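The next block holds one structure in the form of structure tokens; read it before the comments.
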Amino acid sequence: MVINRSSVRFSPRLARQRTFEGAYWRTCLSAFGFALIILRIFEPAFYNIGLVFVGFGALMLAIAALRRRKNGDIFDTTKPFETGGGFVLLTSLLAFATYVTLLVFIVRLGN
């Protein structure tokens, strides 16, 4: 089957959906999945690391919900596209805090 690219319509609506809904939800789900693997496979000494990923996933879920509520109807193509600078900063700070916490827990594992 051959698809004629000129007949396929690339929609900015789909791009917005992948960006706004997909990225935050995929990050949240991957954090929960990784936490589940750590909590189910590894010994109890690693449970703190798994709980960090659970917290990270829950906070990413909260950021996704806040971003969706603030932006309203992101699929309205008559409105100009605005970047989520504050949410990007909040996500960056959350990721940095998560990495620092993980580093502290990993260093404490050896003691």
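Taking 22 Å as R0, compute the FRET efficiency from the Cβ-Cβ separation of ILE37 and SER92 and round it to 0.05. Walk me through the numbers before you get to the answer.
On the way: r = 25 Å, r/R0 = 1.13.
The formula returns an efficiency of 0.30 here.
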Residue-wise HN-Hα coupling along the range 49-59, computed from phi with Karplus coefficients 6.51, -1.76, 1.60 (Hz; x: Gly, Pro)
5, x, 5, 4, 5, 5, x, 4, x, 5, 5
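In what order do ILE37, ILE63 fall by count of nearby beta-carbon atoms within 10 Å, going from fewest to most? List each step's numbers first, then the result.
Numbers: ILE37 12, ILE63 19.
Ascending number of Cβ neighbours within 10 Å: ILE37, ILE63.
Readers should treat all values here as calculations from the given coordinates under stated rules, not as data from a laboratory. Not measured: the values here are computed from a predicted model. A quick note on method: Cβ atoms are made from the backbone with ideal geometry, for glycine too, and the neighbour counts reach across all protein chains shown.
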